[in-house]
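A short worksheet on the structure shown next.
The values are calculated or read from the model by the stated rules, or taken from the named source; none is laboratory data. Everything numeric here is computed off the predicted structure, so don't read it as measured data. Cβ placement follows ideal geometry from the backbone for every residue including glycine, while neighbour counts extend to all protein chains displayed.
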Amino acid sequence: MSAKAGVHPKGTFTAQNVIDNIKKDPNYHKAGAIGLFIGVVRGETLEGEKVEKLELEAYEEKANEILTKICDDLTQKSGIVNVQIHHLLGEFKVGDDLVYVAVAGSHRTQIFPVLREAVERYKSEAPVFKKEQIVDAKGAKTQYWVSEKHHIEGS
C-alpha cells in the first residue's frame, strides 16, 4: 500500500509501512529527516479513571478524504517532502498503536512544526470516533463515546 493517508483495520498497517511509503516517494532524495508520531492507547482518562480498552470507528470515506487533504496541504510547506497520516480502527488495549503521523523534510527544523500541525489537524478534522471502556474506583465498568475535542484540550 502506498497511499499517503487513510484509515486501516487494526493489524493491517504498521509504523514500518509508513516509513516504507515515505522512502518510495520519488522526492525522498530531498529528505534529510523523518519525524514519526505514534499515538497509543493511554491507560487512564484525563480524570484518572482506568481505561480497559478503546474501540475506534470512522466515517471511512470522509476520513480518508480529510486525512489526504491534510497531507496534501502540509506537503506544500517549504522544505517538506512527504506527510503521512494513518489511523487504525477496531478494538485496542492499553499500549496499542492507534495512529501514525510522519513528516519527511529537508531539515529537522522544518519537520517538527509540521508534524505537530498534522497531529492537531487530524484530531480536530477527521471523523474518527472513540469509545472508551473504563473502570472506576469501585470497579464498575462503563463505556462511552469520547469527543476528540475534549481530549485535545487536556492532552
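You will find that of Val103, Val41, the residue that is more than 20 Å from Asp25 (Cβ to Cβ) and in contact with a strand residue (DSSP E or B) (Cβ under 9 Å, 6 or more places away or on another chain) is Val41 and no other.
For (1) within 18 Å of the chain's Cα centre (by Cα); (2) exposed (fewer than 14 other Cβ atoms within 10 Å of the Cβ); (3) over 19 Å from Tyr144 (Cα atoms); (4) at pLDDT 95 or above, each residue gets a yes or a no:
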position	(1), (2), (3), (4)
Lys4	yes, no, yes, no
Gln16	yes, yes, yes, yes
Ile19	yes, no, yes, yes
Lys23	no, yes, yes, yes
Pro26	no, yes, yes, yes
Val41	yes, no, no, yes
Glu52	no, no, no, no
Glu55	yes, no, no, yes
Ala63	yes, no, yes, yes
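On the basis of being closer than 21 Å to Trp145 by Cβ and either modelled with pLDDT of 95 or more or among the β-branched types (Val, Ile, Thr) (or both), does Leu74 make the cut? So Leu74 fails the test. For Glu52, the criteria (1) part of a loop (DSSP other than H, G, I, E, B); (2) farther than 22 Å from Pro127 by Cβ hold in every case but one, which is (1).
Selection of segment 22-73 for residues being over 24 Å from Arg108 (Cβ atoms) and of a type in the set (Phe, Trp, Tyr) yields only Tyr59.
Among the criteria (1) hydroxyl-bearing (Ser, Thr, Tyr); (2) more than 14 Å from the chain's Cα centre (by Cα); (3) closer than 21 Å to Ile19 by Cα; (4) assigned to a strand (DSSP E or B), the one Tyr100 does not fulfil is (2).
Going through (1) out of contact with any Gly (no Cβ under 9 Å at 6 or more places or on another chain); (2) of a type in the set (D, E, K, R); (3) over 30 Å from Ile134 (Cα atoms) one by one, Lys93 falls short only on (3). The number of residues in segment 65-83 being assigned to a helix (DSSP H, G or I) and either of a type in the set (Phe, Trp, Tyr) or surrounded by fewer than 18 Cβ atoms within 10 Å (Cβ to Cβ) (or both) comes to 5. If we keep just the residues of segment 84-136 that are farther than 27 Å from Gly48 by Cβ and of a type in the set (D, E, K, R), which is surrounded by the fewest Cβ atoms within 10 Å (Cβ to Cβ)? Checking each candidate, the answer is Arg108. Before we move on, is Leu46 among the hydrophobic types (A, V, I, L, M, F, W, C) and touching a strand residue (DSSP E or B) at 6+ places or on another chain (Cβ under 9 Å)? Considered against the rule, which asks whether it is among the hydrophobic types (A, V, I, L, M, F, W, C) and touching a strand residue (DSSP E or B) at 6+ places or on another chain (Cβ under 9 Å), Leu46 comes out as no.
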